[in-house]
Amino acid sequence: MNALRRYPLTYTLLAINLLAYLYSFFYGGSFLDISPQSLVEIGGVFPPFVVLQEEWYRILVSMFLHGGLIHLAFNMLALVAIGQAIELYFRGFDYLSIYFISGIVGALASIYFHPLGVIIGASGAIFGIFGATVGFFVANRHAMMGQFKEVMHNVGFVLALNLGIGLFFPNVDMVAHISGLLFGLGAGFLATLNYRLYWGATLSLLS
């Protein structure tokens with residue numbers, strides 16, 4: 001319960017993903033693996049439907065769909081691990097903005113590179129908050145002193161592990177991973193600079 005109160009956004013996103021997987025299971029009739037056809041029928045991205053029929057809502061829906069239990073488990077473990085960290089340092093609006101925009105950027109990149117694929121998963125969004133965390137610590141590396149190397153080592157290990165899994169499993173969409181990561185990296189760095197300007201101006205007015 002303490003974790004739920006301390007990290008409400010991360011656990012809300014976790015709950016939505018789990019509920020979406022349960023719905024996929026009841027719809028498709030399989031718990032371990034969800035068929036691509038079922039995923040498309042409940043809102044997964046199939047590029048011709050998005051581009052030609054303008055079913056753009058699929059980009060948002062697909063961010064909460066997963067192709068199987070292993071896919072879901074890896075993504076949710078990563079979400080909890082990095083989501084809790086970023087929720088400590090970022091305002092809620094910025095956290096959610098980076099999460100959703102990273103997911104959208106990842107899906108759009110996947111549509112471009114995989115025009116006939118079925119695109120689903122929270123990976124783009126999760127890699128976006130990975131990137132934002134890295135951007136935050138890079139922007140604050142001087143203030144953090146010794147902690148910077150330790151934090152970056154831990155984040156880098158989890159990030160490398162997830163990228164490695166993506167390379168090991170051929171069906172994992174690395175385009176979404178990398179696109180979300182790059183967007184999140186820039187967004188996290190810029191958000192941190194914005195925080196500095198805001199607090200600097202506030203302190204100047206109060207002094």
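Computed from phi, the 3J(HN,Hα) profile of region 6-22 under the Karplus parametrisation 6.51, -1.76, 1.60 (θ = phi - 60°) reads 7, 10, x, 5, 4, 6, 5, 4, 4, 5, 4, 5, 5, 5, 5, 5, 4 Hz, with x in place of Gly and Pro. Once every Cα of region 19-68 carries one equal point scatterer and solvent is ignored, give the base-10 log of I(q)/I(0) from the Debye formula at q = 0.13, 0.29 Å⁻¹, two decimals. Evaluating at q = 0.13, 0.29 Å⁻¹ gives log10 I(q)/I(0) of -0.27, -1.04.
For region 1-92, the list of GluC sites (Glu not before Pro) that fall in a loop by DSSP and count at most 10 other C-beta atoms within 10 angstrom reads Glu54. Taking the Cβ-Cβ separation of Ser35 and Phe113 as r and a Förster radius of 30 Å, what is the calculated FRET efficiency to the nearest 0.05? Taking R0 as 30 Å, the efficiency between Ser35 and Phe113 is 0.85. Checking every one of the trypsin sites (Lys or Arg not before Pro) in region 49-144 against DSSP loop status and a limit of 13 other Cβ atoms within 10 Å picks out Arg91. Cβ crowding within 10 Å, taken as a proxy for footprinting-reagent exposure, orders Thr12, Thr192, Thr133 from fewest neighbours to most as Thr12, Thr192, Thr133.
Sorted into 10 angstrom bins from 0, the C-alpha pair distances of region 6-165 split as 11, 37, 34, 14, 4, 0 percent. Here region 52-135 is treated as a Stokes sphere of Kirkwood radius computed over C-alpha pairs; at 37 °C and 0.692 mPa s its diffusion coefficient rounds to 247 µm²/s. Taking amide hydrogens as placed 1.01 Å from N in the peptide plane, the amide H of Gly68 sits under 5 Å from those of Ile34, each at least 5 positions away in sequence or on another chain. Say each of Leu190 and Leu96 gets a label point 7 Å from the Cα, pointing the same way as Cα to Cβ; how far apart are those two points in nm? Going from the Leu190 label point to the Leu96 one covers 2.0 nm.
Here, each number is a calculation from the coordinates, and none is a lab measurement. Everything quoted here is computed from the prediction, not taken from an experiment. Note that each Cβ is placed from the backbone with ideal geometry, even for glycine, and that neighbours are counted across all protein chains shown.
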